[in-house]
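The values are calculated or read from the model by the stated rules, or taken from the named source; none is laboratory data. What you are looking at is a predicted structure, and each value in this text was computed from that prediction instead of being measured. Every residue, glycine among them, receives a Cβ derived from its backbone with ideal geometry; neighbour counts consider all protein chains shown. These accessible areas exclude ligands, DNA and RNA; they are computed on the full protein's heavy atoms, side chains included. Shrake-Rupley method; radii C 1.70, N 1.55, O 1.52, S 1.80 Å.
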Amino acid sequence: MTTREGSLEAPKRHPIDWKNPDFYSETSLNQELERVFDICHGCRRCVNLCTAFPRLFDLIDESTTGELDGVNKNQFWEVVDRCYLCDMCFMTKCPYVPPHEWNIDFPHLMLRAKSVKYKRQGAGFRDKLLSSTDLMGKLATIPVVVQTVNAVNKAPAARKLMDSVLGIHAERKLPEYATRKFRSNAQFNPSFPVIDGTRTPGKVAIYATCYINYNEPGIGHDLLKILAHNEIPTCLVEKEVCCGMPKLELGDLDTVEKLKNKNIPPLLKLAREGYAILSAVPSCTLMYKQELPLLFPEDETVQAVAAAMFDPFEYLALRNQDKLLRTDFKKPLGTVAYHIPCHQRVQNIGKKTRDILQLIPETTINTVERCSGHDGTWGVKSEHFADSMKIGRPVFKQMAASDPDYISSDCAIAGRHIEQGIGKSKAQKLHPLTLLRMAYDADSTPQSADDLTPVTQSTPTEKYMTKITRDDLLTLEAYAKIRNDFRVQVMAHKKTRKIPLGENITLIFEDALTIRYQIQEMLYVERIFQEDEILHELETYTPLIPDGHNWKATMLIEYPDPAERAARLADLIGIEDKVWIRIAEHTPVYAIADEDLERENSEKTSAVHFLRFELTSEMIQSLHRDAALSLGVDHPAYQASIDKLDNDIRVSLLKDLSGA
């Protein structure tokens, strides 16, 4: 009787029995490794996927017997260490995956082996460091420290030292750390009406991920803009820590459980409230969709979160099927070389990113569906760098073949790896979410000096800009030509944004025009022309632009006499939290102050504060129905209020709000 190869049934992954003491038995593990390795030796279909299989076959071919029994069992670890759990052998090659009777799940066997190794000897300093993404992000993004970290990561001498001491390859391009974290600057809008589809919830919660929060927050901001463009109410997950994927790949399953216990409660609350939970990093999405449910199969809370978790483009594609996705694209993208990362393919959602990008007119998507070879921290390590570049070589070649305008991958780390492998190219590396945001956004095209004409007061119903992109900023030379006229117009505009509260406090309500002026002036006065410094100014000031559901203001405490000012600032500690706005019969809204940094101490407050007034959709609707608007400050040492604003000021402020 022969054993059939393959199956007409869908592949099935079994729960991981990691709490069973036998899971960590080296004798039992070696027996299973021998069983599976012998089947792999007889098949050899996976030889071209990664370096784990070629190493296994070399060990067998070079052994004294030419069979698996001639391989020293200690050498099995050479195979285990080369597996980075991409899951492609299970997904695309192996004909013996469950429900086949041979029950081969090579990646999960490698996970078991890594767990046994970790339980036996732990991990080295480098591996613990690289897998502690939250801790690394928090430390590296401390002001001043972040610039130092980024500089060190680019310095050849420092990189050689990191190579020799830590085992982080000197040639690997490392992601920079952001000066402003995503979560503390995310501009989300919860005020849109909820429109559920047949296939999709009508409201979204964003699980930021360590990478988006600390390394590339722009990807998260672009996702928020896409959701806002589609008028989908959005919030952030209230609390989050690392998803646990780096610790899973290390074999540290106990820490995976600890992280799960911190993440699941706030995610479960959102899932039960009917939110779709989106994560812009495929590995994190996969962790909640597949790995945690297999590690904790009896935990109903984990299963509920898994059911609510979506890849962003999976969600957008389903919204499109529900006829709820806007396709009013304004900017073609030309030719895009797009790579599907392994951890997205494993989710079994199809080519959803490609499908959405193909909706953009005058855009050609050339799709590459092959492992790039980086995989999390694996390709960073000195001993694996050469292999990661070798594995990625076919991807680099295919991505460059079409001479694309953009190279893109849902995995930002894979995108950077591909960019490094391609080398010099005209193509710009951008995340698919950034490309989609650009296609929606007519303002993302470059502007000339003639385009920098501020909105005047002659058309009260006209809305001001609600965002600033890099392309909105002029060069120093172009700005110099229009600076005087621009300043006159901005000063006239500010008159409709400035509200005095008593004799010594002034609120200046910011919008895209006032912030744009502030950035251009900063660049001009400081003679800033380096790209990274320009982006830093954008990241610093753009969070001061209102989001459609709030007002944002600069609060100035002004006393001309220095001695009096010092005395009064000591008396006015906490005043920034006592500024309020009231809309008709609604409860007063008190300012959320100084979210970027603390501006007071135990001795005095600052003369300048940045305030945010968060409004509900009911308040906004009331304002548009001409509800009364008043504001004031109520501090033991300073009280002032205004019962009715000038009409020009009211009209100007209402333009900041959705539905104007």
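The shape of region 208-309 can be summarised by an equivalent ellipsoid whose semi-axes, obtained from the alpha carbon gyration tensor, come to 23, 17, 10 Å from longest to shortest. The loop-placed GluC sites (Glu not before Pro) in region 239-340, going by DSSP, that have at most 14 neighbouring Cβ atoms within 10 Å of their Cβ come out as Glu273, Glu298. Here the calculated FRET efficiency for Met91 and Thr616, from their Cβ-Cβ distance with R0 = 51 Å, stands at 0.65, rounded to the nearest 0.05.
Is region 530-660 best put as rounded, prolate or oblate by its Cα gyration tensor, with a ≥ b ≥ c the root eigenvalues, rounded for a/c under 1.5, and otherwise prolate when a/b is larger than b/c, oblate when not? Cα axes put region 530-660 in the oblate bin. For the pair Asp61 and Ala607 in one chain, pulling the backbone fully straight at 0.36 nm per residue adds 189.0 nm over the alpha carbon distance. Each helix, a run of at least 4 DSSP H residues, gives -39500 (n - 2.57); summed and divided by the residues of the chain, these come to -12500 deg cm²/dmol at 222 nm.
With both labels modelled 7 Å from their Cα along Cα-to-Cβ, the Arg393 to Gln303 distance reads 4.7 nm. Taken one residue at a time, the phi angles of region 385-393 give Karplus couplings (6.51, -1.76, 1.60, θ = phi - 60°) of 4, 4, 5, 5, 5, 5, 4, x, 4 Hz. Gly and Pro are set to x.
Most simply put, the chain has about 60% antiparallel DSSP beta bridges, counting only bridges with both residues inside it.
Remark: the chain carries 45 Å² of accessible area per residue (probe radius 1.4 Å; ligands, DNA and RNA excluded). Annotation for region 155-253: trypsin sites (Lys or Arg not before Pro) lying in DSSP loop with at most 16 further Cβ atoms inside 10 Å of their Cβ are Lys173, Arg199, Lys239. Largest first, the three principal axis extents of the alpha carbons in region 587-660 are 44, 25, 23 Å in whole numbers. Under 5 Å from the amide H of Gly197 lie the amide H atoms of Gly202, each residue being 5 or more positions distant or on a separate chain, with H modelled from the backbone and absent for Pro and chain starts.
The value of relative contact order for the chain, using C-alpha pairs under 8 Å at least six residues apart, is 10 percent.
Modelled spin labels at Ala570 and Val488, positioned 7 Å past Cα toward Cβ, are 4.7 nm from each other. Annotation: average projected area of the chain is 34.1 square nanometres, based on the convex hull of Cα atoms across all directions.
The portion of the accessible surface of the chain made up by carbon and sulfur, rounded to a whole percent, is 51 (1.4 Å probe; DNA, RNA and ligands excluded). Taking a straight Cα-Cα cut-off under 28 Å and skipping sequence neighbours fewer than 8 places away in the same chain, the lysines within cross-link reach of Lys19 are Lys73, Lys114, Lys117, Lys119, Lys128, Lys239, Lys247, Lys258, Lys260, Lys262, Lys269, Lys289. Per-peptide packing, taken as the mean over residues of other Cβ atoms within 10 Å, places 547-557, 356-366 in the sequence 547-557, 356-366 from highest down. Applying the criteria of a DSSP loop state and at most 14 other Cβ atoms within 10 Å to the GluC sites (Glu not before Pro) of region 1-91 yields Glu5, Glu9, Glu62, Glu67. Taking θ as phi - 60° and the Karplus parameters 6.51, -1.76 and 1.60, the scalar couplings of region 241-255 work out to 10, 3, 5, x, 4, x, 6, 4, 5, 7, x, 8, 6, 5, 5 Hz in sequence order, x denoting glycine and proline. Once the gyration tensor of the Cα atoms in region 505-606 is diagonalised, the equivalent ellipsoid follows with semi-axes of 27, 21, 12 Å, ordered largest first. For Glu521 and Ala628, the FRET efficiency from 1/(1 + (r/R0)^6), where r spans their Cβ atoms and R0 equals 41 Å, is about 0.70. Put a dot 7 Å past the Cα of Glu503, heading toward its Cβ, do the same for Arg183, and the two dots end up 4.6 nm apart.
The Rg/Rh ratio of region 327-440, with Rg taken over Cα atoms and Rh as the Kirkwood radius over Cα pairs, comes to 0.98. Scanning residues 5 or more positions from Leu629 or on other chains, those with amide H under 5 Å from its amide H are Ala584, Leu645, with H placed 1.01 Å from N in the peptide plane.
The calculated pair-distance distribution of region 21-121 uses every alpha carbon pair, bins of 10 angstrom beginning at 0, and gives 15, 51, 31, 2 percent. 3J(HN,Hα) along region 514-528, derived from phi through the Karplus expression 6.51 cos²θ - 1.76 cosθ + 1.60 where θ = phi - 60°, amounts to 5, 6, 4, 4, 4, 5, 4, 5, 4, 4, 5, 5, 8, 6, 8 Hz, with x in place of Gly and Pro. In this calculation the C-beta distance from Lys19 to Lys128 is compared with R0 = 35 Å, giving a FRET efficiency of 0.95.
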